[in-house]
1. For Val76, work out the one condition from (1) at pLDDT 95 or above; (2) of a type in the set (Val, Ile, Thr); (3) over 16 Å from Asn10 (Cβ atoms) it doesn't fulfil.
2. May I ask you to list pairs of residues, at least six apart or on different chains, whose Cβ atoms are under 8 Å apart, with the first in the stretch 39-64 being on the phi > 0 side of the Ramachandran plot and the second being surrounded by 15 or more Cβ atoms within 10 Å (Cβ to Cβ) and in a loop (DSSP other than H, G, I, E, B)?
3. Which is within 23 Å of Lys109 (Cβ to Cβ), without any contact (Cβ under 8 Å) to a residue 24 or more places away in the chain and either assigned to a strand (DSSP E or B) or not hydrophobic (A, V, I, L, M, F, W, C) (or both), of Lys20, Lys68?
4. State whether one or more residues within the stretch 91-108 are under 15 Å from Leu4 (Cα atoms) and either loosely packed, with under 14 Cβ neighbours inside 10 Å or in contact with an Asp or Glu (Cβ under 9 Å, 6 or more places away or on another chain) (or both).
5. Among the residues of the stretch 7-15, are any among the aromatic types (Phe, Trp, Tyr) and open to solvent by 80 Å² or more (accessible area, probe 1.4 Å)?
6. Given Val78, Val101, Val35, which one is free of Cβ contacts under 8 Å to residues at least 60 places away in the same chain and in a strand (DSSP E or B)?
7. Which one of the conditions (1) surrounded by 14 or more Cβ atoms within 10 Å (Cβ to Cβ); (2) farther than 21 Å from Arg112 by Cα; (3) of a type in the set (S, T, N, Q) does Ser71 fail to meet, given that it meets all the rest?
8. Testing Tyr32 on (1) open to solvent by 50 Å² or more (accessible area, probe 1.4 Å); (2) at pLDDT 90 or above; (3) touching an Asp or Glu at 6+ places or on another chain (Cβ under 8 Å), one condition comes back false. Which one is that?
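The values are calculated or read from the model by the stated rules, or taken from the named source; none is laboratory data. Here the structure is a predicted model, which is why all the values come from computation and not from measurement. Cβ placement follows ideal geometry from the backbone for every residue including glycine, while neighbour counts extend to all protein chains displayed. Ligands, DNA and RNA are stripped out before the accessible areas are found, and what is left, the full protein with its side chains, is counted by its heavy atoms. Shrake-Rupley method; radii C 1.70, N 1.55, O 1.52, S 1.80 Å.
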Amino acid sequence: QCNLTGWWKNELGSKMHVTKVDSQGSFSGEYYTAVSSAKKPIQPSPLVGSQHLDKDGQCTFGFTVNWKKFSDSTAVFVGQCFTGDDGDEVLKTSWLLREKVDSLPSDWKATR
């Protein structure tokens, strides 16, 4: 079974630390992004999520990161955990980032 607990790193150098996945699949931790367009210095940000605890170990999951310590944006990630032929666990994810905008007419540019 793929275990999300622990440290994960992506190809851009961002890291996430999942402290514990409970028996219902809920988890929390911190995300350490390596990339940002915010004007303030990057800081570790809290994350909360949930994963399916499938018997085949290739579970799907999702989590939210609140960048409140340095930005007015929020990101959501969804993905699946795979175990490669070499036994290494790999997370494949997609994400959406919502930035705060000042008005409804600016909504079109708020989500990446």
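1. With (1) at pLDDT 95 or above; (2) of a type in the set (Val, Ile, Thr); (3) over 16 Å from Asn10 (Cβ atoms) applied to Val76, the lone miss is (3).
2. What qualifies is Gly57/Cys2.
3. Numbers: Lys20 fails: within 23 Å of Lys109 (Cβ to Cβ).
Being within 23 Å of Lys109 (Cβ to Cβ), without any contact (Cβ under 8 Å) to a residue 24 or more places away in the chain and either assigned to a strand (DSSP E or B) or not hydrophobic (A, V, I, L, M, F, W, C) (or both) holds for just one of Lys20, Lys68, which is Lys68.
4. Keep residues of the stretch 91-108 that are under 15 Å from Leu4 (Cα atoms), which gives 91-93.
With the extra rule that they be either loosely packed, with under 14 Cβ neighbours inside 10 Å or in contact with an Asp or Glu (Cβ under 9 Å, 6 or more places away or on another chain) (or both), the set shrinks to 92.
The answer is yes, given that some residue of the stretch 91-108 is under 15 Å from Leu4 (Cα atoms) and either loosely packed, with under 14 Cβ neighbours inside 10 Å or in contact with an Asp or Glu (Cβ under 9 Å, 6 or more places away or on another chain) (or both).
5. Kept after step one, since they are among the aromatic types (Phe, Trp, Tyr), are these residues of the stretch 7-15: 7-8.
Now narrow it down to the ones that are open to solvent by 80 Å² or more (accessible area, probe 1.4 Å): 7.
So far as the stretch 7-15 goes, yes, one or more of its residues are among the aromatic types (Phe, Trp, Tyr) and open to solvent by 80 Å² or more (accessible area, probe 1.4 Å).
6. Numbers: Val101 fails: in a strand (DSSP E or B); Val35 fails: in a strand (DSSP E or B).
Step by step, each of Val78, Val101, Val35 is checked, and only Val78 is free of Cβ contacts under 8 Å to residues at least 60 places away in the same chain and in a strand (DSSP E or B).
7. (2)
8. (3)
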